[in-house]
Amino acid sequence: MEELFNKKNKNRVLKAVNGEMSYQKLNAAELHQFVQHWNYDDGIEPFLWMIKQKHLDKGTALCLYWMLQPDYFCKFKNEEDIKEDINYESYSLIKEIEERYISVFYEDENFSFDPKEEFLNENSNTKCIPAEMLEKSPGTVFERKDIEFAFLRNPNEKELKTINLKIADAVKIIQISNPDFVYDKSDDAINAIIESVEHWKTKELGKVKIKNLSYLWMDCIHKKHNWNWVIWDWETGNNIGVTNATKELTCLADTIINHTIDGFQKSSIISDLYQDLAGVNNFYDLKKDPYSGIGLLFSTDHLKFRE
């Protein structure tokens, strides 16, 4: 099944789930994954269309059926009572899936789904469920795949060398306007970065790689707050940053200098964020957060960390 579902397929499903692409453009395999990744708190609108499609796989229809929790409705005495329930729309969809499934509307049987493996146990109330909906569908098991490309990892030897070179270059940039600068104290370095940004705002940068100041800024966070260097990798590219001990928060290279050198943010934000990260493990620990909305601080607790 892996060869039928590659990186491009994963990306299409992710875009459809996030509303960046129409789910109506997904193929059968992608629809099967869409059903397993959809946040059902966002409603059932996609499935009103989906269940009417002949190319929907039988296993996908069965998977969707159980994702909608049909056993929930077995506690009601009759349909009149169900109509008063907040989930009546889901019930109507469930009944339509039942009708189409049992009447063999779905002819393709590529993806197997077994409700006994996923949803049922000895305590399940299934008295209102047709026998056909309790059985495993034919085909090959196509389990939920990870469609999130991004993950965190430690920098490799080459990337660590790059980090050190950029920090060294940042020191040289500061020394152009402040020849006496020595990088030995993080707090002093933060002030020197701000002074350097102010110095270069009105000047031609030429060959000066001003973004490298962000690496010195991150190294100050690394030393002051014990954040670790990290690579935010999304398989087709990556970015260097620093992350806290729990890996719930991450700052990435370049942005803080981009935002301040062009005047989008006051240069004082370089010091403000540096100071505000003291003792912070997640966004709830921040006394204020003017940072995440402008790309200076990211929540990364949803990303896996790969050794």
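Below are the figures for this structure:
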quantity: Stretch gain in nm, segment residue 204-residue 48, where the contour uses 0.36 nm per residue and the Cα spacing is subtracted; calculated: 50.4 nm
quantity: Theoretical gain in end-to-end length, residue 165 to residue 150 [0.36 nm per residue, Cα-Cα removed]; calculated: 2.8 nm
quantity: Nonlocal amide H pairs with residue 85, under 5 Å, H built at 1.01 Å; calculated: none
quantity: Electrostatic dipole magnitude of the chain [Cβ: Lys, Arg +1; Asp, Glu -1; Cα centre; debye, to 20]; calculated: 1260
quantity: Hz values of 3J(HN,Hα) by residue in the range 77-83 - Karplus curve (6.51, -1.76, 1.60), Gly and Pro given as x; calculated: 6, 7, 5, 4, 5, 5, 4
quantity: Amide proton proximity set for residue 238, modelled H, under 5 Å, gap of 5+; calculated: none
quantity: Summed side-chain charge close to residue 28 - residues other than residue 28 whose Cβ falls under 13 Å, Lys, Arg +1, Asp, Glu -1; calculated: -1
quantity: Where no second cysteine Cβ lies under 4.7 Å, the cysteines concerned in the chain; calculated: 63, 220, 251
quantity: For the chain: relative contact order, % (alpha-carbon pairs under 8 angstrom, 6 or more apart); calculated: 14
quantity: Rounded accessible area per residue of the range 167-307, 1.4 Å, Å²; calculated: 51
quantity: Carbon plus sulfur fraction of accessible area for the range 117-213, probe 1.4 Å, in percent; calculated: 47
quantity: Karplus-derived HN-Hα couplings along the range 254-259 (A = 6.51, B = -1.76, C = 1.60, θ = phi - 60°), whole Hz, x at Gly and Pro; calculated: 6, 4, 5, 7, 4, 5
quantity: Using θ = phi - 60° and Karplus 6.51 cos²θ - 1.76 cosθ + 1.60, couplings along the range 60-71 (whole Hz; Gly, Pro as x); calculated: 5, 4, 5, 4, 4, 3, 7, 4, 7, 6, x, 5
quantity: Rounded to 5, the percent of DSSP beta bridges in the chain classed as antiparallel; calculated: 75
quantity: Listed residue pairs exceeding 20 Å between alpha carbons, taken from 166/223; 25/52; 211/266; 15/54; 15/95; calculated: 15/54; 15/95
quantity: Gain in span if fully extended, residue 24 to residue 108, counting 0.36 nm per residue against the direct Cα distance; calculated: 28.5 nm
quantity: The range 168-224: Rg to Rh, with Rh as the Kirkwood radius over Cα pairs; calculated: 0.94
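The values are calculated or read from the model by the stated rules, or taken from the named source; none is laboratory data. Model, not experiment: these values are computed from the prediction. Glycine also receives a Cβ, built like all others from the backbone with ideal geometry; neighbour counts cover every protein chain displayed. Only protein heavy atoms, including side chains, enter the accessible area calculation; ligands, DNA and RNA are left aside. Shrake-Rupley method; radii C 1.70, N 1.55, O 1.52, S 1.80 Å.
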